[in-house]
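The values are calculated or read from the model by the stated rules, or taken from the named source; none is laboratory data. This is a predicted model, so every value here is computed, not measured. For neighbour counting, all protein chains shown are included, and Cβ atoms are generated from backbone atoms with ideal geometry for every residue, glycine included.
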Amino acid sequence: MTYKRTLAPALLIALLTACGASTPTSTPAAPPTPTLVVTPTAAPATSTVNGWLTTPDGSKRLAAQTLNLKSGLTASTNDLTIDPATTYQTIEGFGAALTESSAHLIDTLPPTGRADLLRTLFDPTFGAGLSYVRIPLGASDFALSSYTYDDVPGGGADPTLANLSVTRDERHVLPVARAIRAANGAVRFMGSPWSAPAWMKDGGVLEGGRLAPTALNTYAAYLTRVVTQYAASGVPLSTLTLQNEPRFSTGAYPSMALEPADAARVAVSLASGLRDAGQPTKLLGWDHNWDDLGYARALLGDPDARAALAGTAWHCYAGDERAMSDVKSAFPDKDVYFTECSGGGWATNWGANLAWTTEHLTIGATRNFAKTVLLWNLALDPRGGPTNGGCGNCRGVVTIDPATGAVTLNEEYYALAHVAKFVRPGAVRVASATFGAGNVQSAAFVNPDGTRVMLILNGSGGARKFNVIEKGRGFNVNLPAGSVATYVWR
């Protein structure tokens with residue numbers, strides 16, 4: 001059935017048109033009412049398939065379907081097959097970043113509206129079921145101002161870290177993170193620092209520069225204490241990246257260069273510190289774009305760093321998703337996480353954005369071994385802020401207007417919901433096919449309860465009819481051009 005509810009007056013979630021990443025194909029129609037229509041994720045019967053469809057014109061958004069399972073099907077060239085016996089990575093979750101800007105905007109909503117929004121984002125039954133959240137540790141380019149957890153005024157230093165405290169994050173970030181855990185107890189958190197405190201850096205400022213060679217162990221101790229204080233605050237970090245975008249140092253906002261040799265030393269010291277502190281947080285290297293395989297190879301090529309690291313993290317802004325498979329092939333015992341990508345005002349077609357995000361991230365990244373798919377800001381305002389010196393026209397998964405309390409679910413919300421709502425943490429990706437020179441693409445998963453999930457994109461210019469088949473048993477699909485669909489069956 002379809003569950004429909006009208007949200008609290010302070011939280012009118014408008015399912016509006018937004019943006020796209022390639023040539024516009026149609027103009028999305030505005031929805032008639034500011035209500036959210038969602039479908040409970042009840043388990044399908046053994047003879048049926050539960051489906052959800054989103055079309056590029058926005059007229060259908062996670063629209064529920066029921067299909068019949070049939071036996072005696074034989075796969076042809078233009079059918080999609082699934083083979084649960086061929087398994088790949090275990091999925092840890094899908095989500096976005098809780099920047100200080102995002103947390104601040106969520107906090108502008110009244111309590112009922114805030115609770116409704118978090119349910120819409122994180123509740124796996126009635127919302128998108130997002131299950132993984134990345135948190136910048138200290139200020140990023142989306143914060144209310146620049147800070148770290150041990151800032152010393154006047155050019156001083158704190159080598160014993162006596163003044164280190166995450167109290168600043170109690171303003172917005174930590175309370176919202178705890179509320180997210182209340183909305184979905186399965187949510188995991190990842191921490192990513194943008195900069196060490198200025199007194200640890202060669203230039204003495206947060207904006208740009210590099211970590212001083214004499215501060216490598218101090219920085220590792222700093223991060224260990226941050227992880228420990230976060231856990232004590234009720235937000236344990238399952239994963240921690242060593243440095244956000246370590247090859248992009250800018251004077252515009254907190255950032256820091258960290259080359260592989262130094263990153264390796266930080267990793268070894270940090271792993272030891274976390275172990276001694278009793279923190280099970282896994283460490284990830286790189287956390288930067290697909291176009292630079294050399295950094296990840298150099299870092300994992302260091303035997304001591306390789307032992308300290310669980311894997312690597314990746315962003316979308318240059319290169320393509322196949323880079324993750326290349327590194328996975330070279331280091332098969334190390335995991336791959338996809339951790340950042342943003343939509344924005346540079347792409348203005350709703351349906352094309354939905355298709356791009358599905359093709360390259362929720363399908364593309366997972367087919368290249370990503371255990372997570374995380375977008376950038378969870379929420380931004382209508383002007384793409386508040387910003388702290390970075391992107392001036394980025395788009396959040398949702399848009400919150402602090403003046404009115406209105407919330408818009410953007411195309412990224414639906415792209416994430418098509419997997420996060422149905423593919424639960426602990427699911428395993430399994431083999432599935434594509435056809436039509438890659439125009440019809442899929443990613444398939446088996447949930448811990450045994451249910452099968454297939455995410456499909458029809459990236460072609462016309463409707464496609466085909467079967468989805470598992471060992472002679474399957475169902476018929478008729479998918480409109482540019483549409484995204486998810487199917488769940490036993």
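From the residues in segment 429-470 that are out of contact with any strand residue (DSSP E or B) (no Cβ under 9 Å at 6 or more places or on another chain) and under 19 Å from residue 75 (Cα atoms), which one is modelled with the highest pLDDT? Ranking the qualifying residues of segment 429-470, first place goes to 438. Of the residues making up segment 448-490, those that are more than 15 Å from residue 52 (Cβ to Cβ) and in contact (Cβ under 8 Å) with a residue 12 or more places away in the chain number 21. Looking across segment 133-174, the residues that are more than 25 Å from residue 391 (Cβ to Cβ), at pLDDT 95 or above and outside any loop (DSSP other than H, G, I, E, B) come down to 167, 170. The listed residues are 434, 451, and the only one of them that is surrounded by fewer than 21 Cβ atoms within 10 Å (Cβ to Cβ) and within 14 Å of residue 358 (Cβ to Cβ) turns out to be 434. Part of a loop (DSSP other than H, G, I, E, B), modelled with pLDDT of 95 or more and buried (at least 21 other Cβ atoms within 10 Å of the Cβ), is that true of residue 237? The answer is yes for residue 237.
Scanning segment 357-372 finds no residues that are out of contact with any Lys or Arg (no Cβ under 6 Å at 6 or more places or on another chain), farther than 25 Å from residue 479 by Cβ, in a loop (DSSP other than H, G, I, E, B) and in contact (Cβ under 8 Å) with a residue 12 or more places away in the chain. Can you find a residue that is over 30 Å from residue 440 (Cβ atoms), in a strand (DSSP E or B) and either touching a Ser or Thr at 6+ places or on another chain (Cβ under 9 Å) or touching a residue at least 12 places away in the same chain (Cβ under 8 Å) (or both) anywhere in segment 337-347? Scanning segment 337-347 turns up no residue that is over 30 Å from residue 440 (Cβ atoms), in a strand (DSSP E or B) and either touching a Ser or Thr at 6+ places or on another chain (Cβ under 9 Å) or touching a residue at least 12 places away in the same chain (Cβ under 8 Å) (or both). Close contacts from segment 407-432, counting a first residue that is at positive phi and a second that is buried (at least 23 other Cβ atoms within 10 Å of the Cβ) and in a loop (DSSP other than H, G, I, E, B), with Cβ to Cβ under 8 Å and a gap of 6+ residues or different chains, come to 426/91.
Residue 195 falls short on exactly one of the conditions (1) of a type outside the set (Val, Ile, Thr); (2) part of a loop (DSSP other than H, G, I, E, B); (3) surrounded by fewer than 24 Cβ atoms within 10 Å (Cβ to Cβ); (4) touching a residue at least 40 places away in the same chain (Cβ under 8 Å), and that condition is (3). The set of residues in segment 395-414 that are more than 22 Å from residue 349 (Cβ to Cβ) and buried (at least 24 other Cβ atoms within 10 Å of the Cβ) contains only 400. Remark: residue 355 falls outside the filter, which requires a residue to be over 30 Å from residue 480 (Cβ atoms), out of contact with any Ser or Thr (no Cβ under 7 Å at 6 or more places or on another chain) and either of a type outside the set (S, T, N, Q) or at pLDDT below 95 (or both). Here 211, 130 are screened, and the one residue that is touching a residue at least 12 places away in the same chain (Cβ under 8 Å) and farther than 23 Å from residue 388 by Cβ is 130.
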